[in-house]
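Note sheet for the following structure.
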Amino acid sequence: MEIIISPVDNQNLSVAMKLIEEVFDEFVAPDYSEQGIKSFKENFIYDKKFLAKFAEGTETMYGAYYKEEIVGCLSISIHNTISCIFVKREYHRKGIASMLLNTVIEELKKRGAVAIKLNASPYAMPFYYAMEFKNAGDTGNYNGIIYTPMELDLI
């Protein structure tokens, strides 16, 4: 299976956000309260201010493409903070999330970044541990969104 990793252009951003919502609903939402689900969607998927960051260049979405279809995506800010990694169910356990993350790691190293930060959902923590992220704080709850701060040193 040939997967191509490349930035998602503004025209395909809505496709990536739809993928995020579908995967979130299936895998992450079961760990969240109704408030957390609503908060995630309002503050991430549907938030015009967040979506504007892609056009402004302060947030970048990378897509994993298989036969021109986005099957996974990763979003990262100019502050080296990952806001999401999501992969469609039928493409799980094929190394796509790792490919996305490794692509971003190489890009950040070229820019001289020393670490990547993120807030991991309970569902995603085993993946981040496998990718050698370390806990960077206590598990928290922001408007029903359960997360654990994590960090990966790049040097």
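The values are calculated or read from the model by the stated rules, or taken from the named source; none is laboratory data. Everything numeric in this text was worked out from a predicted model, so none of it was measured. When we count neighbours, we look across all protein chains shown, and the Cβ atoms used for this are built from the backbone with ideal geometry, even at glycine.
Across region 116-130, the number of residues qualifying as in a loop (DSSP other than H, G, I, E, B) and out of contact with any helix residue (DSSP H, G or I) (no Cβ under 6 Å at 6 or more places or on another chain) comes to 1. Candidates in region 75-86 are the residues that are aliphatic (A, V, I, L, M) and without any contact (Cβ under 8 Å) to a residue 40 or more places away in the chain; of these, the one that is surrounded by the most Cβ atoms within 10 Å (Cβ to Cβ) is ILE82. Going through (1) surrounded by fewer than 18 Cβ atoms within 10 Å (Cβ to Cβ); (2) in contact with a Ser or Thr (Cβ under 6 Å, 6 or more places away or on another chain); (3) at pLDDT 95 or above; (4) of a type in the set (Ser, Thr, Tyr) one by one, THR103 falls short only on (2).
For GLY72, the criteria (1) more than 18 Å from ALA120 (Cα to Cα); (2) surrounded by 15 or more Cβ atoms within 10 Å (Cβ to Cβ) hold in every case but one, which is (1). Given the criteria exposed (fewer than 14 other Cβ atoms within 10 Å of the Cβ), within 22 Å of VAL15 (Cα to Cα) and at pLDDT below 95, does ARG89 qualify? The answer is no for ARG89.
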